[in-house]
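Read the structure below first, then the notes.
Throughout, read-outs are computed from the coordinates displayed, never taken from laboratory work. Note that this is a predicted model, so its numbers are computed, not measured. So basically every Cβ, Gly included, is an ideal-geometry build from the backbone, and we count neighbours across all protein chains shown.
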Amino acid sequence: MSEIVLGLPRIKSGFMRELNAVITIMARDITLFIKSPGTIIMSLAMPVVMMGMLGGSLAQNMAGGLGFDFGQFMLVGMLVNMLFMTTTVGVTSLVEDRTTDFTQEMMISPVSRYSIVIGKIFGSSFGAIVGMIGTLIVGMFMGITLSAVQLLAILALSPLMCLSAGALAMIVIGLIKSNRMANLAVTLITMPQMFLSGAIIPINNSSGFLFIISRMMPMTYCLDLARAVVYAGTPEYDSVVLFDPAVTLTVIAAITAVCLVIGTFFFARSEKNRG
């Protein structure tokens, strides 16, 4: 009993050390984002291009006969897409951190590699939240809004979605050493997901190869979960939501865990090989 009691402070101390590492790394990335006006402007301008122009064109040309409001469908999709895209791009700054040896300094610190990665992902997600604000502003100009309850529900799910996006990006970070190549690879990850996961184009009737690819994409399940909470109790629910929310949540958790383990392993190995 005494060994268990004596072990509790060590466990608590270890947890607080890991939590402090996550918060410190997250705060660093948020500070860098705030000190970069260009990045803030891009985060706010991106929704104008993605939703205002692309989404607006689709709404005018293909929204008829869908059986649900395409505007709201697109708004939810673009909110989740901004979370994924901005978080994924933000995580690639780990490659740039290699050039300043900042990652080496983090790796020799007495904290878990997972704490480093999770702190980086959550720090990158701050820009994603700014992008969501820009998306909502564009939506209001287009006459598309969500209720406060719907917005809060999406915000409550956003940490899981950002973690899912960042975990997928970590696999790329661990395998690619060049910052230029990392940015290109992340673009190749995020752009197909925007079109094939149902962010702005319904995928209810996808079949063949496109069906398989869409079901392999993490954003497909994050989008479906977001729409499940937004459309809950509405007549459009069955036309918009693909899976049972419990199944969707389980799949998201499983994909995130697998990608996080694999990505962190590759990242830690690449840093070890540099040392």
Open item on the list: If LYS177 satisfies all but one of (1) outside any loop (DSSP other than H, G, I, E, B); (2) surrounded by fewer than 20 Cβ atoms within 10 Å (Cβ to Cβ); (3) among the charged types (D, E, K, R), what's the number of the condition it fails?
Closed with: (1)
Open item on the list: Any residue in the stretch 178-197 that is within 15 Å of VAL80 (Cα to Cα) sitting within a Cβ distance under 8 Å of a residue that is loosely packed, with under 15 Cβ neighbours inside 10 Å? List the pairs, counting only those 6 or more apart or interchain.
Closed with: LEU196/LEU210
Task: Selected residue (only one of ILE212, ILE154, ILE200 is crowded, with 16+ Cβ neighbours inside 10 Å, out of contact with any Asp or Glu (no Cβ under 7 Å at 6 or more places or on another chain) and farther than 22 Å from GLY123 by Cα) - done: ILE200
Open item on the list: For the stretch 221-240, which positions are surrounded by fewer than 19 Cβ atoms within 10 Å (Cβ to Cβ) and assigned to a helix (DSSP H, G or I)?
Closed with: VAL229, TYR237, ASP238, SER239
Open item on the list: So in the stretch 201-220, with the set limited to residues that are in contact (Cβ under 8 Å) with a residue 40 or more places away in the chain and either in a helix (DSSP H, G or I) or among the basic types (Lys, Arg) (or both), which one is nearest to THR86 (Cα to Cα)?
Closed with: MET219
TODO: Looking at (1) over 18 Å from the mean Cα position of the chain (by Cα); (2) surrounded by 15 or more Cβ atoms within 10 Å (Cβ to Cβ); (3) closer than 26 Å to VAL89 by Cβ, find the lone condition where PHE243 falls short.
DONE: (3)
TODO: Confirm whether LEU157 is aliphatic (A, V, I, L, M), touching a Phe, Trp or Tyr at 6+ places or on another chain (Cβ under 8 Å) and in a helix (DSSP H, G or I).
DONE: no
Open item on the list: Can you report the number of residues in the stretch 135-151 which are surrounded by fewer than 23 Cβ atoms within 10 Å (Cβ to Cβ) and in contact with a Leu (Cβ under 6 Å, 6 or more places away or on another chain)?
Closed with: 1
TODO: Among the candidates LEU146, LEU188, single out the residue that is among the hydrophobic types (A, V, I, L, M, F, W, C) and either part of a helix (DSSP H, G or I) or closer than 29 Å to PHE265 by Cβ (or both).
DONE: LEU188
TODO: Select from the stretch 229-275 the residues that are under 16 Å from LEU83 (Cβ atoms) and either touching a Pro at 6+ places or on another chain (Cβ under 9 Å) or of a type in the set (Gly, Ala, Ser) (or both) and list them in ascending order.
DONE: VAL229, ILE252, ILE255, THR256, CYS259
